[in-house]
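Trainee: Starting off with a structure, shown below.
The values are calculated or read from the model by the stated rules, or taken from the named source; none is laboratory data. Bear in mind that the values here come from a model prediction, so they are computed numbers and not experimental data. Note: ideal-geometry Cβ built from the backbone for every residue, glycine included; neighbour counts use all protein chains shown. Heavy atoms of the whole protein, side chains included, go into the accessibility calculation; ligands, DNA and RNA do not. Shrake-Rupley method; radii C 1.70, N 1.55, O 1.52, S 1.80 Å.
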Amino acid sequence: MNIQDKSASELTAMAKAMNRVQAIIWFKPDGTILEANENFCKTVGYSEAEIVGKSHRMFCESSLVNSSEYSELWSKLASGEFVAGRFPRVHKDGSKLFLRASYNPIFDDDGNVIKVVKFAIDITETMERDALILNKLDAITKALAVIEFEPDGTIRWANDNFLNAMGYSLDEVKGRHHRMFVDAGYANTAEYQHHWQRLQHGEAIIGEFQRFGKGGKEVWIQAGYTAISNAEGKVYRVLKYATDITGSKLASKHMTQGMKLLAKGDLSYRIPDSVAGEFSELRENFNATLMAIEKLVNGIVEASVMISEDAAGIADTASDLSKRCEQQAATVEETSAAMEEMSSTIQSNATNSEASAEAAKGANAHAEKGGSIVASAVEAMGKIEGGSSEMRKIISVIDSIAFQTNLLALNAGVEAARAGDAGRGFAVVASEVRALAQRASDSARDINTLIESSAKEVVEGAGLVKKTGEALEEIVTAVSIVNERIEGIFAASQGQAAGANEINQAINDIDSTTQKTAAISEESAAAASSLAKRAADLQDLVSFFKVAQAAVGGGATTTPSSDRTRTRAARPAQAPVPEPGAKRPVRAASPTSRPAPVRAAAQQKIAVNQSPSLDIDDDDAWTEF
């Protein structure tokens with residue numbers, strides 16, 4: 001039924017229905033707004049009063065208004081042409097709108113366009129959602145390898161990522177079946193057929209897959225096959241989003257192989273250069289790690305050989321040192337005994353010196369006392385000499401008295417003679433007095449002579465006493481000097497005794513230290529022997545590893561375990577212990593001083609072939625340590 005056949009009431013009802021669900025606006029043929037319904041005003045954010053009388057361009061961006069496309073739109077409408085589609089417009093707040101709309105010219109009876117009515121639906125949210133989905137799909141397409149199939153596996157399209165990974169162009173794969181990417185044997189299996197049957201039933205398949213590109217190039221992908229259904233729920237497309245994991249798969253494969261060999265002690269495996277790209281650093285690090293371990297093992301082997309030799313040398317030296325310490329300890333003990341005897345003698349001398357010092361002090365005191373007595377004697381002799389002078393004076397007086405008495409007696413005799421008989425008795429007395437005076441005079445002369453002799457002897461005695469005093473003073477001085485010397489000797493003897501005690505203590509300490517050194521030397525010898533054994537054990541442990549054998553002396557050789565044992569056992573003979581007092585030769589610490597057979601064996605053990613090899617079954621290429 002044509003719309004012209006509708007009644008006015010039906011047309012009115014249709015208009016109301018459209019007015020309820022659609023945004024409607026009326027324009028003049030030049031785009032001037034005549035009216036708009038409530039839905040349109042809500043859509044653009046304006047009220048009807050704000051837009052009536054204004055141009056349609058108020059809803060458009062300036063770039064669109066100034067374009068030829070916009071002028072062409074209104075030219076078509078003015079000429080009566082119908083225009084429909086999706087149109088970007090601008091909301092009152094400046095945000096962008098998307099409208100699905102149709103611009104419909106309205107004609108008068110003469111066929112002239114008098115109005116234009118626009119029916120619109122706001123599809124902004126739908127457009128934004130679709131744009132987000134498209135952007136996501138575009139991002140996925142840029143990041144992943146994407147290929148599109150028919151449900152039966154026929155290729156419809158593939159992006160550049162997929163084509164580059166497989167080495168094909170789009171023309172080379174479009175219209176062909178997916179089996180071109182799989183092994184021919186696998187393509188004929190029920191498993192492969194079931195793969196596409198699952199997709200045709202709408203299942204999604206995710207996993208890692210081995211595929212083959214152009215020229216048989218092996219390619220590994222992490223992929224998801226997704227069935228796309230139409231509106232009726234029927235699968236009509238299959239999309240595969242894939243990531244090329246060939247590098248990681250090959251790297252993992254070689255890493256696994258290398259680690260398996262490493263677990264067996266084989267250090268020769270190297271990841272080949274075919275593992276490149278983002279995994280080249282992993283390849284370089286893995287290879288460098290194995291070379292470092294190989295170098296470490298070689299270093300351990302060499303070090304264990306050196307340790308074994310040095311330990312033997314240390315054991316010899318420690319044993320020699322222990323014997324020398326024992327000899328030194330015996331010598332120190334003898335020295336200690338001699339020093340104890342000397343200390344006893346020095347102590348006895350110190351005691352005797354102390355007694356001599358005391359005796360010297362006593363002698364000094366007696367000498368000083370004797371000096372005082374002699375001085376007193378000299379003084380007394382002086383007094384005696386003085387007394388003799390006084391006695392001579394007295395005797396002179398007595399002699400004078402005797403002379404006077406004699407004269408008096410003589411005069412008395414003369415007078416008695418003159419008196420005659422009367423004077424005889426007096427004459428006798430006078431004679432006796434004269435005789436007494438004569439005897440007194442004689443006695444006085446004798447005493448004087450005796451006193452003079454005594455005085456002379458006293459003078460001589462005083463001189464002798466004086467000399468004796470001077471001699472005693474010299475003796476006192478000498479005794480004082482002797483006393484000081486003896487005190488010095490006593491002090492020195494005490495110092496010698498103390499020093500001897502300290503020396504004796506030091507010798508005892510040396511003896512104790514020597515004993516301890518001997519014990520430590522024995523322990524060092526035992527430890528060195530244990531170290532040598534541990535070095536041998538270390539060599540046995542390191543023999544688990546295998547490294548590439550390089551040419552030694554012009555040809556590749558293999559060092560078996562028995563040769564290794566003989567090399568360890570080929571140590572230099574223990575040097576004899578030198579005689580006491582002899583200078584012990586110093587053992588050189590340089591590795592070049594080792595015996596030539598040991599060095600050669602060590603060099604054979606540590607020779608390494610740095611060139612990589614993937615052939616792990618060539619037993620002749622390895623040397624067991």
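Trainee: Between 0 and 90 degrees, rounded to the nearest ten: what's the tilt of helix 246-263 against the longest Cα principal axis of the chain?
Mentor: 40
Trainee: Provide the per-residue ³J(HN,Hα) series for segment 120-134, in order, calculated from phi with Karplus coefficients 6.51, -1.76, 1.60 and θ = phi - 60°, each as a whole number of Hz, with x at glycine and proline positions.
Mentor: Working through the residues one at a time gives 9, 10, 6, 10, 4, 4, 5, 5, 5, 5, 5, 5, 5, 5, 5 Hz.
Trainee: Sort the following peptides by mean Cβ neighbour count (other Cβ atoms within 10 Å, averaged over residues), highest first: 190-202, 394-406. Present the calculation step by step, with values, prior to reporting the outcome.
Mentor: Details: 190-202: 13.9, 394-406: 16.0.
Per-residue mean Cβ counts within 10 Å order the peptides as 394-406, 190-202.
Trainee: Could you work out the relative contact order of segment 233-345? I mean the mean sequence separation of Cα pairs under 8 Å and 6+ apart, divided by the number of residues, in percent. Numbers along the way, then the final one.
Mentor: Working: 39 pairs, mean separation 20.0, N = 113.
Contact order relative to length: 18 percent.
Trainee: Past the 24 Å Cα-Cα mark, which pairs from 92/136; 28/76; 96/240; 214/260? Write down the numbers at each step before the final one.
Mentor: Values: 92/136 30 Å; 28/76 13 Å; 96/240 35 Å; 214/260 32 Å.
Where the Cα-Cα span goes over 24 Å, the pairs concerned are 92/136; 96/240; 214/260.
Trainee: Let me ask something else about it. Could you run the Karplus curve 6.51 cos²θ - 1.76 cosθ + 1.60 with θ = phi - 60° over segment 450-456 and give me ³J(HN,Hα) per residue in whole Hz, x for Gly and Pro?
Mentor: Running phi through 6.51 cos²θ - 1.76 cosθ + 1.60 with θ = phi - 60° gives 4, 5, 4, 5, 5, 4, 4 Hz.
Trainee: Nearest 10 degrees is fine. How inclined is helix 8-21 to the longest principal axis of the chain, computing both from alpha carbons?
Mentor: 10
Trainee: Another question, if that's okay. Per residue, what accessible area does the chain have, given a 1.4 Å probe and all protein chains present, in Å²? Don't skip to the answer; put the middle values down first.
Mentor: Details: 36760 Å² over 625 residues.
So the chain comes to 59 Å² accessible per residue, rounded to a whole number.
Trainee: Right, something else. For residue 541 and residue 281 in the same chain, what is the full-extension length gain: residue separation times 0.36 nm, less their Cα-Cα distance, in nm? Kindly include the intermediate steps, with their values, before the conclusion.
Mentor: Working: separation 260, 0.36 × 260 = 93.60 nm, distance 3.15 nm.
Result: 90.4 nm gained on full extension.
Trainee: Which three extents, in whole angstrom, do the alpha-carbon atoms of segment 51-95 cover along their principal axes, largest first?
Mentor: The principal-axis extents, from largest down, are 33, 22, 19 Å.
Trainee: Express the carbon and sulfur contribution to the solvent-accessible surface of the chain as a percent, rounded to the nearest whole number, probe 1.4 angstrom. Don't skip to the answer; put the middle values down first.
Mentor: Working: 20470 of 36760 Å².
With neighbouring chains kept in place, the figure for the chain is 56 percent.
Trainee: Compute the angle between helix 596-606 and the longest alpha-carbon principal axis of the chain, please, reported from 0 to 90 degrees and rounded to the nearest 10.
Mentor: Approximately 30 degrees, to the nearest 10.
Trainee: In vacuum, with every alpha carbon of segment 334-469 counted as one equal point scatterer, what does the Debye formula give for log10 I(q)/I(0) at q = 0.16 Å⁻¹? Two decimals, please.
Mentor: Listed by q, the Debye log ratios stand at -0.90.
Trainee: Cut-off 13 Å, label point 7 angstrom out along Cα-to-Cβ of residue 191: give me the residues of segment 201-220 whose amide nitrogen falls inside.
Mentor: Of the residues in segment 201-220, 208-211 have backbone N under 13 Å from the label point off residue 191.
Trainee: Also, quick follow-up: Rg and Dmax of segment 202-256, using alpha carbons, in Å: what are they?
Mentor: Using the Cα atoms of segment 202-256, the pair Rg, Dmax is 14.8, 49 Å.
Trainee: Note down the nm distance, to one decimal, between modelled labels 7 Å out along Cα→Cβ at residue 32 and at residue 114.
Mentor: In this crude spin-label approximation the distance works out to 1.6 nm.
Trainee: Still on this model: For q values of 0.18, 0.23, 0.26 Å⁻¹, compute log₁₀ I(q)/I(0) with the Debye formula on a Cα-only model of segment 143-217, without solvent.
Mentor: -0.76, -1.25, -1.49
Trainee: What residues qualify as long-range amide H neighbours of residue 270, i.e. H under 5 Å apart, gap of 5 or more or another chain, H built at 1.01 Å from N?
Mentor: It is 613, by chain and number.
Trainee: Hey, another quick one. For residue 54, list long-range residues whose amide hydrogen, built 1.01 Å from N in the peptide plane, is under 5 Å from its own amide hydrogen.
Mentor: Residues meeting the criterion, in which the H sits 1.01 Å from N, are 33.
Trainee: When a/c is below 1.5 the answer is rounded, else prolate if a/b is larger than b/c, else oblate, so apply that to the chain with a ≥ b ≥ c taken from the square roots of the Cα gyration tensor eigenvalues.
Mentor: Numbers: a/c = 9.57, a/b = 2.84, b/c = 3.37.
Cα axes put the chain in the oblate bin.
Trainee: Taking 0.36 nm per residue of sequence separation and subtracting the Cα-Cα distance, how much length would be gained by fully extending the chain between residue 410 and residue 330, in nm to one decimal? Don't jump to the answer; show the numbers that get you there.
Mentor: Details: separation 80, 0.36 × 80 = 28.80 nm, distance 11.49 nm.
Difference between extended and current length: 17.3 nm.
Trainee: What shape does segment 5-100 have by the C-alpha gyration tensor, where a ≥ b ≥ c are the square roots of the eigenvalues, rounded means a/c under 1.5, and otherwise prolate means a/b greater than b/c and oblate the rest? Present the calculation step by step, with values, prior to reporting the outcome.
Mentor: On the way: a/c = 1.97, a/b = 1.36, b/c = 1.45.
Since a/c reaches 1.5 but b/c is at least a/b, the shape of segment 5-100 is classed as oblate.
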